[in-house]
Amino acid sequence: MRGRRRWLILLVALFGAATGIAAHAQDASRFEVRNAYVELVNDAWLLDVRLDLALADAARQAFEEGVPLVLALEIEGTVDRRLLPDDTVISLTRKWQIAYDAISQRFVVTDVKSGEHVSHASQAEALEALARISGITIGDTGTLPAGGRFDMRVRATVEIGDLPAAVRMLLFWKGWSRSTEWYAWKVRP
């Protein structure tokens, strides 16, 4: 009985999150890449990104009910070539999952690539930590253009993480995923 009640609460929260995104657009309007830059450290190019990760109230409620969220960061780097299409020198995606652990009553951020996870006492603390991504290796001096001149762009997407198949089927048509605009800049040493 308790399990049914929890699933009912979860489903109500999910439907509220999916329909509430449009209704609470002003609450979630700050979902954007605020700043990004790369720097050369010991022959490796490292990326730092700062995000505004404001979630709509309904999404926060669903998250608190146990729905994990995944932040995907798409990273692209190109070299401008005269009379030819741009050459893509960097193309990668990094993902982090943020979930509420009801047993420990903590919010856990997990780097999907490394498996490293960090727990936080509050949702605000976890989202703030996730909004400051630092030290992502995007290449080295051997793989990127000589002289370090290339164009970069970054975009973030938040979507629902792993859920049971039945719940995923219910949310399939809702289009819950949300992406920022591309943040672009030129890297010139």
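The values are calculated or read from the model by the stated rules, or taken from the named source; none is laboratory data. For clarity, every value in this text was computed on a predicted model and none was experimentally measured. Reconstructed Cβ throughout: ideal geometry from the backbone, glycine too, with neighbour counts over all protein chains shown. These area figures cover heavy atoms from the full protein model, side chains too; ligands, DNA and RNA do not enter into them. Shrake-Rupley method; radii C 1.70, N 1.55, O 1.52, S 1.80 Å.
So the check is Cβ under 7 Å with 6+ separation or different chains; which pairs have a first residue in the range 171-185 that's modelled with pLDDT of 85 or more and a second one that's assigned to a loop (DSSP other than H, G, I, E, B)?
Within 7 Å, the pairs are T180/F31.
Can you tell me which residue is nearest to D140 (Cα to Cα) among those in the range 47-78 that are open to solvent by 40 Å² or more (accessible area, probe 1.4 Å) and modelled with pLDDT of 90 or more?
E76
For residues in the range 79-134 being at pLDDT below 90 and among the basic types (K, R), which is nearest to D48 (Cα to Cα)?
Among residues in the range 79-134 that are at pLDDT below 90 and among the basic types (K, R), the one nearest to D48 (Cα to Cα) is R81.
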